[in-house]
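Reading through the structure tokens given below for one structure.
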Amino acid sequence: MTQLLLAVAAFLLTHSLPAARPLRRRLIAALGTGPYMAAYSVLSLAVLVWVGWAYAQAPYIPVWDYTAATAWVPLVLMPVACILGVAAVTQPNPLSVAVRTAGFDPARPGVTAITRHPLIWAFILWAGGHLIANEDLASLILFGLLLLLSLAGPFGVDAKKRKDLGAEEWQRLAARTSFWPLAAPWSGRARWRDAWPGWVPVAGGLLLYVALLHLHGPVIGVVPWAGLR
């Protein structure tokens, strides 16, 4: 269990690095933007692998009684999480964690009409679903801490983006978005038409979901549907 605690602590530490703006600026000034991003990506991947390995090696210590019905929770939530995740990396979004920011149209906000933090909500659904479906201490530590981190993340992202963009521009871009899914301050047919993320995120998300289902057993050692009743 010590390895898991250390790995999760390293994960939290490395993911707090971008928020430490003075340190981040010094590192970029010393390394350059490209090398910094490359080094940070390699470090993040290495820590993520460590977390996965430590979780797999952690002893099984039950916290509550297992209920077979809870195995359905991640199976139901993960398709939505995968679609949100793919949409987050394929659609422009200047309001949250995204690959692209240019080309965002606040009148046709796409996936941000569902939530302006689609990638973070993908992690929330992933962590929350797996926390419910697993009854052991290692899962409680891993998924519980990641769930809390993911829930806290959007508030910091909103504050950072509001400061970077300026309050007026942030409000203009965020007018048809919301932190909570499907809570944007507008309604009617236009909402659902403009919120449609497109066939690429939907198809890509479902393909990702199928791939994760088939890789879960060989990689994690647990077949997701094995406990269904």
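All other residues with a Cβ under 15 Å from the Cβ of ILE120 taken together, and with Lys, Arg as +1 and Asp, Glu as -1, what is their net charge? Show your work: numbers first, answer last.
Details: positive: ARG116, LYS160, LYS161; negative: ASP158.
Cβ neighbours under 15 Å give a net charge of +2.
Would you compute, from DSSP H runs of 4+ residues alone, the mean residue ellipticity of the chain at 222 nm, taking -39500 (n - 2.57) per run and dividing by the full residue count, rounded to the nearest 500?
Numbers: 9 runs with 147 residues, N = 229.
That comes out to -21500 deg cm²/dmol.
Remark on ASP136: its backbone amide H falls under 5 Å from those of VAL63, a criterion applied only to residues 5 or more positions apart or on other chains, H modelled at 1.01 Å from N. When TYR209, TYR36, TYR66, TYR60 are compared by accessible area at a 1.4 angstrom probe, the order from most to least is TYR60, TYR66, TYR209, TYR36. Applying 1/(1 + (r/R0)^6) with r as the Cβ-Cβ distance of LEU43 and ASP65 and R0 = 35 angstrom yields a FRET efficiency of 0.35. With a/c under 1.5 counting as rounded, go ahead and sort the stretch 1-120 into rounded, prolate or oblate using the C-alpha gyration tensor (a ≥ b ≥ c being the square roots of the eigenvalues; past the cut-off, prolate if a/b is larger than b/c, else oblate). Judged from the Cα gyration tensor, the stretch 1-120 comes out oblate (a/c at least 1.5, b/c at or above a/b).
Work out from phi, with θ = phi - 60° and the Karplus expression 6.51 cos²θ - 1.76 cosθ + 1.60, the ³J(HN,Hα) of each residue of the stretch 107-120, listed in order in whole Hz, and give x for Gly and Pro. Listing the rounded values in order: 7, 10, x, x, 5, 5, 6, 7, 7, 7, 10, x, 5, 5 Hz. Out of [x] 18.9, 56; [y] 18.1, 73; [z] 22.5, 78, which label holds the value of Rg and Dmax of the Cα atoms in Å that was computed here? Checked against the structure: label [x]. Estimated from the Cβ-Cβ distance and a Förster radius of 45 angstrom, the FRET efficiency linking LEU213 and GLN171 is about 0.65. Computed from the C-beta positions of LEU23 and ASP136, the FRET efficiency with R₀ = 30 Å rounds to 0.25. Averaged per residue, the stretch 41-87 has 58 square angstrom of accessible surface, using a 1.4 angstrom probe with ligands and nucleic acids left out.
Is the C-alpha gyration tensor of the stretch 36-89 telling us rounded, prolate or oblate? Criteria: a/c under 1.5 is rounded; beyond that, a/b larger than b/c is prolate, otherwise oblate. Oblate shape, in that a/c is at least 1.5 and b/c is the bigger or equal ratio.
With K and R counted +1 and D and E -1, the other residues having a Cβ less than 13 Å from that of ALA88 yield a net charge of +2.
The values are calculated or read from the model by the stated rules, or taken from the named source; none is laboratory data. This is a predicted model, so every value here is computed, not measured. Every residue, glycine among them, receives a Cβ derived from its backbone with ideal geometry; neighbour counts consider all protein chains shown. Keep in mind that these areas ignore ligands, DNA and RNA; they rest on the heavy atoms of the full protein, side chains included. Shrake-Rupley method; radii C 1.70, N 1.55, O 1.52, S 1.80 Å.
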